[in-house]
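Student: My structure is below; once you've seen it, I'll send some questions.
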Amino acid sequence: MAASQRYCVAEERSGHCAAMYHNRLYVWGGYVTIEENEVYLPNDEIWIYDTDSGLWSIHLMDGDVPPSMSGSCGACLNGKLYVFGGYDDKGYSNQLYVVDLKSGTGRYTWKHITSFKGKSPTARDKLSCWVYKDRLIYFGGYGCRKHNELSEFFNVHDASWEGQMFWGWNNDLHVFDTSKETWFQPVVNNVPPQARAAHSCAVLGNNGYVFGGRVLETRMNDLHFLNLDTWTWSGGIRVNGEKPRGRSWHTLTSVGNDQLFLFGGLSTECEPLSDGWIYSTSTNEWRQCKHFPKDRPRLWHTACLGKDSEVMVFGGSKDDLLSLDTGHCNDLLIFQIQPFSLLRLSLDTVGKNAALLGNQVSSLPRNLLQQAMKRITFWTATKYRQGKSARTYEVNNNTT
């Protein structure tokens, strides 16, 4: 099949996968709600956001295309997007797929990894992954197990005695070594965190952090880390001072060498959240970010680290998905976590004021001119989307 693309506005979705590679945000899968029905989005297309130009494009995919799913766990390693698990109309999955993002041809071909060594995890969704060295390290999730697969790492929620199937939350650890295409379960030291799903994970150095998530009717706000060299759990980290509220369906993003950025989620009271927090490993403290918009809550979204320490949050829902599932989003929220360089500030000024600068822009040195033109395109696209959103809001709220 020939590669295909067109420039467009990304579709609304929640429960999707996203990965950042070479200043491009790749988005696959997820679902929307249409007339109270969950509709899984096409599995043979990938959406790409160019962070330099601010433009979206859509590409068709071929090969061993995964089923259309939500709640899959996506992770990027060495320019390849790996997708594991998820949920669709047939139930939970424990299959692993990979697509090369660096092909350079504009063609994206899925491969279903079936010739692996070892034993794969049981079927599940809403799990998280740490990427470390050449390994994908999966933790937690909600799913199903047969009676002979039950263990201390599984918290039973429901069961079908006739079929000997059990549903519940996991806190086991599974590692896929991409260089050897081998699954294995490391022997962990210390007590692991409580079983959970819809939690978040991020890596700082050789430590994999996990925050929050849901088990039964509880949404937690505990913080743990796992030493990814020794497989030793920290035990619950007793942080200093104020902590974020308990939540699920949030994101945790590594920023710099010692900071984690937490955003959004669904609270214990089933309130969609729009707050942002930064955890510092050096001070062992959470700090709430100020001046965040209160009218842009997100849950079951994705977050990726872009250039200049920007966190790029895409999609998700603005509603409590458990009771009202109508508010899927397709906008991109970009959070500036650290100060921009003088060059970045200058290029953004040129991009925002290109009409005023006129022919002066063309007098820039070639290298700067290329960068300036990208920022001009970016801000032109941004202003267009903002204007379109404003017009749509006026139409939807016009009472005359």
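Student: Might you let me know whether the range 181-190 holds any residue that is surrounded by 18 or more Cβ atoms within 10 Å (Cβ to Cβ), modelled with pLDDT of 95 or more, closer than 13 Å to R247 by Cα and of a type outside the set (D, E)?
Tutor: Within the range 181-190, none of the residues are surrounded by 18 or more Cβ atoms within 10 Å (Cβ to Cβ), modelled with pLDDT of 95 or more, closer than 13 Å to R247 by Cα and of a type outside the set (D, E).
Student: Sort through D295, D348, D308 and tell me the only one that's of a type outside the set (A, V, I, L, M, F, W, C), assigned to a loop (DSSP other than H, G, I, E, B) and either touching a strand residue (DSSP E or B) at 6+ places or on another chain (Cβ under 9 Å) or at pLDDT 80 or above (or both).
Tutor: Among D295, D348, D308, only D295 is of a type outside the set (A, V, I, L, M, F, W, C), assigned to a loop (DSSP other than H, G, I, E, B) and either touching a strand residue (DSSP E or B) at 6+ places or on another chain (Cβ under 9 Å) or at pLDDT 80 or above (or both).
Student: Right, another one. Which one of these does D88 not meet: (1) touching an Asp or Glu at 6+ places or on another chain (Cβ under 8 Å); (2) without any contact (Cβ under 8 Å) to a residue 60 or more places away in the chain; (3) buried (at least 20 other Cβ atoms within 10 Å of the Cβ)?
Tutor: All conditions are met except number (1).
Student: Please pick out the residue among S317, S282 that is closer than 26 Å to W56 by Cβ, among the small types (G, A, S) and modelled with pLDDT of 90 or more.
Tutor: S317
Student: Please indicate, with yes or no, whether at least one residue in the range 271-280 is open to solvent by 30 Å² or more (accessible area, probe 1.4 Å) and over 26 Å from H16 (Cα atoms).
Tutor: Scanning the range 271-280 turns up no residue that is open to solvent by 30 Å² or more (accessible area, probe 1.4 Å) and over 26 Å from H16 (Cα atoms).
Student: For the range 12-42, what are the residues that are modelled with pLDDT of 90 or more, surrounded by 18 or more Cβ atoms within 10 Å (Cβ to Cβ) and not aliphatic (A, V, I, L, M)?
Tutor: E12, R13, S14, G15, H16, C17, Y26, W28, G29, G30, Y31, Y40
Student: Here are some residues: D52, D100. Which one is of a type in the set (D, E, K, R), touching a Phe, Trp or Tyr at 6+ places or on another chain (Cβ under 9 Å) and open to solvent by 50 Å² or more (accessible area, probe 1.4 Å)?
Tutor: D100
Student: Would you be able to say whether some residue in the range 116-139 is over 27 Å from F211 (Cβ atoms), in a loop (DSSP other than H, G, I, E, B) and open to solvent by less than 10 Å² (accessible area, probe 1.4 Å)?
Tutor: no
Student: Can you tell me which residue is surrounded by the most Cβ atoms within 10 Å (Cβ to Cβ) among those in the range 251-270 that are more than 15 Å from F225 (Cβ to Cβ) and in contact with a Gly (Cβ under 8 Å, 6 or more places away or on another chain)?
Tutor: The qualifying residue surrounded by the most Cβ atoms within 10 Å (Cβ to Cβ) is G265.
Student: Which of the residues belonging to the range 369-387 are farther than 16 Å from G306 by Cβ, open to solvent by 60 Å² or more (accessible area, probe 1.4 Å) and either not in a helix (DSSP H, G or I) or not β-branched (V, I, T) (or both)?
Tutor: Q370, M373, K383, Y384, R385, Q386
Student: Could you please give the count of residues in the range 304-332 that are of a type in the set (S, T, N, Q), surrounded by fewer than 19 Cβ atoms within 10 Å (Cβ to Cβ) and within 18 Å of E35 (Cβ to Cβ)?
Tutor: So the answer is 2.
Student: Also, quick follow-up: For the subset of the range 60-72 comprising residues that are touching a residue at least 40 places away in the same chain (Cβ under 8 Å) and open to solvent by 10 Å² or more (accessible area, probe 1.4 Å), which member is nearest to R135 (Cα to Cα)?
Tutor: S72
Student: Another question, then. Report yes if some residue within the range 336-344 is in contact with a Cys (Cβ under 9 Å, 6 or more places away or on another chain), at positive phi and not in a helix (DSSP H, G or I); otherwise report no.
Tutor: Among the residues of the range 336-344, not one is in contact with a Cys (Cβ under 9 Å, 6 or more places away or on another chain), at positive phi and not in a helix (DSSP H, G or I), which makes the answer no.
Student: Out of (1) open to solvent by less than 40 Å² (accessible area, probe 1.4 Å); (2) over 21 Å from G91 (Cβ atoms); (3) part of a strand (DSSP E or B), the odd one out for N221 is which?
Tutor: Unmet for N221, out of (1) open to solvent by less than 40 Å² (accessible area, probe 1.4 Å); (2) over 21 Å from G91 (Cβ atoms); (3) part of a strand (DSSP E or B): (1).
Student: Which one of these does H112 not meet: (1) modelled with pLDDT of 95 or more; (2) within 21 Å of the chain's Cα centre (by Cα); (3) surrounded by fewer than 17 Cβ atoms within 10 Å (Cβ to Cβ)?
Tutor: (2)
Student: Oh, and also: Out of the range 143-176, which residues are assigned to a strand (DSSP E or B) and among the aliphatic types (A, V, I, L, M)?
Tutor: V156, A159, M165, L173, V175 - these are the residues of the range 143-176 that are assigned to a strand (DSSP E or B) and among the aliphatic types (A, V, I, L, M).
Student: To continue, here is another question. Determine which single condition K102 fails, assuming it passes every other condition in (1) over 14 Å from H174 (Cα atoms); (2) part of a strand (DSSP E or B).
Tutor: (2)
Student: Now a separate question. Do you know which of the residues in the range 150-172 that are of a type in the set (D, E) and farther than 20 Å from P193 by Cβ is most open to solvent (accessible area, probe 1.4 Å)?
Tutor: Taking the candidates together, the pick is E162.
The values are calculated or read from the model by the stated rules, or taken from the named source; none is laboratory data. This structure is a prediction, so every number in the text was calculated from the model and none was measured. Please note: Cβ atoms are built from the backbone with ideal geometry, for glycine as well, and neighbour counts cover all protein chains shown. Note: areas computed on protein heavy atoms with side chains; ligands, DNA, RNA excluded. Shrake-Rupley method; radii C 1.70, N 1.55, O 1.52, S 1.80 Å.
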